[in-house]
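Worksheet for the structure shown next.
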Amino acid sequence: MKKIKILLVLIVALLGFNSCEKDELVFTAKAPGEFAFTNNFLQQYVLTSATSANIGERFTWESQSFEVPVAVNYELQGSVSGDFTDLIVIGSTSGNDQAVTIGKLLSMASDAGLDNDPNTENPNTGDVYFRLRAYSGANAIETLSSVQTLTLFLPEIVDTGGGFAISSWGVVGSGYNDWGGAGPDAQFYTTAAAGVIVSYVNLVDGAIKFREDNTWSGDVGDANLDGILDTDPGNDIAVTAGDYKITIDLNDMSYTIEPFSWGVVGSGYNDWGNAGPDAKFHYDYTTDTFKVGVKLIDGAIKIRPLNTWSGDLGDANLDGILDTDSGNDIAVTAGHYLITMDLKDNSYSIVAAPVWGVVGSGYNNWGADGPDAALTEVQPGVMFGDDITLIDGAIKFRADNTWSGDLGDANGDNILDSDSGNDISVTAGNYVITIDFNDPDGPRYSLLKR
């Protein structure tokens, strides 16, 4: 009897041990609540095929815990519809970030029915959607983040208007780039006339010459001040600060330098000129047009030359053709716009578009003392601004005067990034500033101080 009791005790103990062992191997995990991306997002994402290899956005998030001793993995999902019945997996990682290239965004834009062809009825802007799936364990215990919307913008393709190109000639001097020491020469462009080139340039007080390929071999000036370029000694050409159109006829080496600028004026921008200079247009050689990126407020505008009222233009008929008729103010509403003007036929367009600008203690007290210094998209993906006065301090670049997606340069390599500590130190001076989003290494910027 005693042996039977002992046997029964052993059996019960063994069963209890097995039961405990099974309890230790079974985990009951609780999925965390909803979570969100931690990076800042742009108001719009400008997509061009030339920048396909660049990173369009880098999604980041905080680590999630399922309260179980197993690894947590993450899957970034994209959707065109927004309900994720059409989801695509962008990438999977056990880390805390996942990059999406512009090429992938262009593919999603195509799936969404967007294109950059102005001759189709398809829109060139629209939304796509992203979310993050966090999962853990063999049974894929999971949770989903909130959905993030990205607005995509495809700049419309344009007729090159005669196929003008960048010339090998440039403007060099103390009146532009410290004789080449501050940066590359100001560019000339070909024109419809064979052998005739033109440059639209902002100069400072000083002197200039003209040379090819940013080199001193064969530079020319005008020693006799007779309008004919020569290689004589003492041939620097004295200039004063302002905006100019410089034309050279390479057939006979004659040249002209004439004041030239067009700008936006009005209650919708600068109180009809009482609150500061007009928003200046810049030349786009690929379309033979002039463009300006500008932040407008509710009101009206006109377009005028040289910040003066002689020859100002509006649109009395609202037919997209500038005229000098009475009552030709152009009504505008607040927003960021790219305005394009074609002086060959006086046609113009005003299109809502992202406007990149300069912000910082080196310009506008990080936005507290006024809007950012606007840059103009003179060609797809290329932002340009000149005659920008900076003070000692630091700057960054951002779109549409907002802090979503601002860029700086933490590494000091002239490639813009969103890393911490990426303020760009600047010293007081007059600057020409360029950002090229088409650079394969990433958005490359230049600060040419005069």
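Summing Lys and Arg as +1 and Asp and Glu as -1 over all other residues whose Cβ lies under 15 Å from the Cβ of E121 gives a net charge of -3. Can you figure out the FRET efficiency of D413 with S326, using R₀ = 51 Å and their beta-carbon distance, to the nearest 0.05? Efficiency, rounded to the nearest 0.05: 0.40. Please work out, to two decimal places, the log10 of the ratio I(q)/I(0) at q = 0.21 Å⁻¹ from a Debye calculation in which every Cα of the range 166-259 carries one identical scatterer. Treating every Cα as an identical point scatterer, log10 I(q)/I(0) equals -1.04. Simple spin-label estimate for T333 and S310 gives 3.8 nm between the two label positions (7 Å along the Cα-to-Cβ direction from each Cα).
Restricting the calculation to Cα atoms, the chain yields a radius of gyration followed by a Dmax of 30.0, 132 Å.
Helix 102-111 and the longest principal axis of the Cα set of the chain meet at an angle near 80°.
Here the sum of -39500 (n - 2.57) over DSSP H runs of 4 or more residues, divided by the residues of the chain, equals -2500 deg cm²/dmol at 222 nm, to the nearest 500. The modelled label-to-label distance for the pair K344/S404, using points 7 Å beyond Cα in the direction of Cβ, is 3.8 nm. The long axis of helix 2-25 is offset from the longest Cα principal axis of the chain by roughly 10 degrees. Full extension of the chain between A238 and N119 gives 38.1 nm of extra length, using 0.36 nm per residue less the Cα-Cα distance. At an R0 of 41 angstrom, the distance between the Cβ atoms of T93 and V351 translates into a FRET efficiency of 0.60.
The modelled label-to-label distance for the pair A194/N365, using points 7 Å beyond Cα in the direction of Cβ, is 6.0 nm.
Any read-out appearing in this document is the output of simple, stated calculations on the displayed coordinates, not a laboratory observation. Just so it is clear, the model here is predicted, and its values are computed rather than measured. As a convention, Cβ positions derive from the backbone with ideal geometry for all residues, glycine included, and neighbour counts pool all protein chains shown.
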